[in-house]
Structures are given as structure tokens and as C-alpha cells.
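Before any comments, here is the structure.
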Amino acid sequence: MIRSGVRTAIAIALVFSLTACEPEPVPPHIVVIVLDTVRADGVGVKLGEFPVTPVFDRLADEGTRFENAYAVAPWTLPSHATLFTGLAPSQHKAVHENFVLGPQYLTLAEFLKTRDYATHAVSSNPWVTKSRGLAQGFDSFEVAFGNVDEMTDKGAKRATDLAIAVLDEAASADRPFHLFVNYLEAHLPYAPPDEGFEAIRVDPASLERRVFSIAEAEAIMAGTREGTAEEFELARTLYLAEIAYQDRQLGRLIDALRERELLDQSLLVITADHGEELGRAGMTGHEFTLSDDVLSIPLVFRFPGRVPSGGRVALPVSHLDVVPTVLHAIDEWESAADLEGLSLLDTPSLTRERPLLAEYAEPVTLREEYWKNRHPDFDTSKWAVALRSLRKGDRKLLENSRGEITLIDKNRPAGASEADDQGRQIIARSMHEELSAWFDRLNRVDRQ
């Protein structure tokens, strides 16, 4: 939301709230949980016979899971800024080389404060902080990444403890609350605690090693050594063990909500800011790409009476839809009028496909300072580009700032004919025109 653009809709809503004669319905609490770096296939999956995320799976069964949900960016800051504002990265500009969400952009927390919500945040990620502009509107903003042993817990236990302390205060207050929690366990390095291995019934002694480090991941990306299939399988196992441990901490938070009789009074949103590369084409981490490995993310809404239980929605949706959905849930539908996303509580929205965008600003500082210092012999020029994509159905168009365009079609048969190739060129041109028009429009809206 652009601050000047809460505009007439908020003014009208405020007048309504002051003049309405009938008792106002009790607004729901809003709980948003980000499972940082968790791919869509990192939840609802089994390792052998054992589920990796039984807590997440149960919540998904109690609510609605969006099976084709996509991030708008492949890394933390722009994705969180979108989750907080409902704006695309090219609108909120919290991207590479800017690195901060400006105060001119209205956050969901700021809006909820105008509706008498208490607002609290707990972050395990050093990119999700006050210094990055992401604390706007929060009454309290706690960090869980200090004084923790990164080799065993990246902050999940402390984050849960801090969040439960917020709930203790909220349970005794006569007002709705908004709680945001970021969990970071799935992020590199993959070095799960014993509890993570126990959750998926893996004996760490049976593994070649129990750590996959940042240095190892970067060496593969830089080409100083080649990752093997066995090594990527090990990395995946460690990654899933991290997620399994995190799921247990999520379970502690959900139990606390339930025990305080807050869970069923809350709109619960669980998602990830982005996914993770686990070896495809020699890629690790989540920078420099708009692949589905980093854009495909979990998304679940749970809200008894408003969100169907056991729901599964296959229609592609986006992070841009989160803020409009929250506003719809608190009957502030009009306040989402200026946003690109749609409410996922609005049934007609779930019956029509629409194009989805993603973008990645050129990572100059990451290349020139981080990668060149750590890998001076590695040529990073191939990453000296901005990226953007448009998804329509099973097709995705990728474009970089050099003007190179790639069309990915999941349904394209092997050995397609020359006529098929000509048809693809026509489709690519059409999608590229749509992509360009969409970003042109976003830029025009931002300048208004």
C-alpha cells in the first residue's frame, strides 16, 4: 500500500466505523508466519515413512492450501516488503542496491494500528529488521538471531519463546492483535539439531556428515568443484531435517495459541518468502535466478468460518494476494482497491487464471563486494543482470536486462516440430508484450 493511496477508501471506512449504529463484529487476530527459505515441496512431504511437517500439514488440513503459490522475488527483503505492503518489488523498491523499505509505503501493521490492533513482530532473519524499514507499524519488534548457536538453532526456539510471550500479553488484552513471526531454520548452512534428525527418524551417524555449509554451496556455484548427486541428496536430507525441527517449534506456537483460546479467533497465514535451489543445474541458495525452485512456496490460510477446512486450490496465486486477503478478512475490502493482488477469500477470484509476475533487481553489491571478495577468480558477469518473469498457466516467460528472453512451457512435448517452435515464438512475443505493459503500468501507478 502506498501511504498516499490509502486515500478515500480508508477515510470512508473510518467514517463508517465512527457512525455505524449497529455493534461491530469482533475482528479476528491476524497471525502471519513466514517459514524462511522453505520450498513448496519442503512441506507436506515424507522422508521415508515419516512426515517432515506434521504440524504444518495439520494446519493445512484445517484450512485451505494454495498448491501453486509463488513468491514475487527470490530473496528475503523484497518478498517481505511485498508481504507487508501488498506492493510489487518494482513499486516498493526494497530491492538490491536500495536495501530498505521507505517510510512512504504503508504497511499492513500500520494500517491495522488504525483499527486498534496491537502489532508485534519476531524475526529470526537479519534482513527482517528495523534498519531495513520492516518494523514500520509494529508496537514491538523482537529479534531472535542474536546469541544463538547457528550450528544447532538459527533462532527458532527463541523466536517461539518471544512469540509466546506476546500471546501471554495479548490474551489478557481486550483488543485484537497482529503477530508476525519469521523462522529461519531452512536457510544455509544446513546443520540441523538432533531434534530435527529425530523428527524424520534419521540417524546422523549414518550420514557422511551432518553439515552442508555456505562455503560448500558457494564453491559449487563458483565452479571450483562440482557437486555430486550424492552430495545434493545429503543437502536435501539436512535441509528437510532443518524444516522438521522448525515444524516442531511452529507446533509450540500453535499449541500456545490454542491453549489461550486464540487460534480459532485468528486468521492464520503461513507462507515462505522464497524457496531454495538444491542442486538443479549446479545452483544452490536462492540468488541470481527466478526458477520455480526459488519462487514456488507454501501458502496456507486458516480461519474457521471464513476459510474452508481441507481446501485445496490449484489456481496459481501470489504473495501479492496476501495483504488483500487479510484486509478482506477484517472487512476492509475497499482498502485493497489500489493493490495488484486479489483476495483469496473472494470465490470468483479463485475461478479465473491471471498472469503472475516476479522480479529480481541487478545484484551489484552482492556481486562486486561479497562474491568477488570471497571468490576473486570467479567471473560473476553472467549475474550482472536484472530479471523479471510472467507466468500464465503452465507457461513462464523469463526476461533479463540484456533483452534475452526464454519461454518455459511445462507441457511442451519432446521433439516438438518446427511449427511448434514458430507457435512458441508467437506466444513468447505476446507474453513479452504483456510483461512489458504490466511493468510500465506499475511504474505509472507508482509515479502518481
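Name every residue in the stretch 307-344 that is in a loop (DSSP other than H, G, I, E, B), in contact with a Ser or Thr (Cβ under 6 Å, 6 or more places away or on another chain) and either of a type in the set (A, V, I, L, M) or free of Cβ contacts under 8 Å to residues at least 40 places away in the same chain (or both), in order of residue number. Matches in the stretch 307-344: Val307, Leu342, Ser343, Leu344. Here Arg412 fulfils each of the conditions (1) part of a loop (DSSP other than H, G, I, E, B); (2) under 23 Å from the mean Cα position of the chain (by Cα); (3) over 23 Å from Pro78 (Cα atoms); (4) not assigned by TED's automatic domain parsing to the domain that holds Ala81 apart from (2). In the stretch 144-164, the residues that are more than 22 Å from Ser213 (Cα to Cα) reach residues that are at pLDDT 95 or above and among the polar types (S, T, N, Q) with C-beta atoms within less than 8 angstrom, at least six apart or across chains, in these pairs: Arg158/Ser124; Ala159/Ser123; Ala159/Ser124; Ala159/Asn182; Ala159/Gln249; Thr160/Gln249. Scanning the stretch 184-201 for residues that are touching a Leu at 6+ places or on another chain (Cβ under 6 Å) and either part of a helix (DSSP H, G or I) or in contact (Cβ under 8 Å) with a residue 60 or more places away in the chain (or both) yields one hit, Ile200.
Which one of these is assigned to a helix (DSSP H, G or I), at negative phi and acidic (Asp, Glu): Glu362, Glu369?
Values: Glu362 fails: assigned to a helix (DSSP H, G or I).
After ruling out the rest, the residue left standing is Glu369.
Output yes when any residue across the stretch 72-83 is closer than 20 Å to Glu334 by Cα, assigned to a helix (DSSP H, G or I) and modelled with pLDDT of 95 or more, and no when none is. Looking for residues that are closer than 20 Å to Glu334 by Cα, assigned to a helix (DSSP H, G or I) and modelled with pLDDT of 95 or more, one finds at least one in the stretch 72-83, hence yes.
Residue count for the stretch 107-132, restricted to those that are part of a loop (DSSP other than H, G, I, E, B), in contact (Cβ under 8 Å) with a residue 40 or more places away in the chain and over 17 Å from Leu179 (Cα atoms): 1. If you go through the stretch 91-131 and keep only what is among the charged types (D, E, K, R) and in contact with a helix residue (DSSP H, G or I) (Cβ under 9 Å, 6 or more places away or on another chain), you end up with Lys93, Glu97, Glu110, Arg115. Specify the residue that is modelled with the highest pLDDT; the eligible residues are those in the stretch 366-411 that are β-branched (Val, Ile, Thr), out of contact with any helix residue (DSSP H, G or I) (no Cβ under 8 Å at 6 or more places or on another chain) and surrounded by 14 or more Cβ atoms within 10 Å (Cβ to Cβ). Out of the qualifying residues, it is Val385.
The values are calculated or read from the model by the stated rules, or taken from the named source; none is laboratory data. Just so we're clear, the structure is a prediction, and the values are computed from it rather than from any experiment. Cβ coordinates were reconstructed from backbone atoms using ideal geometry, including for glycine residues, and neighbour counts include every protein chain displayed.
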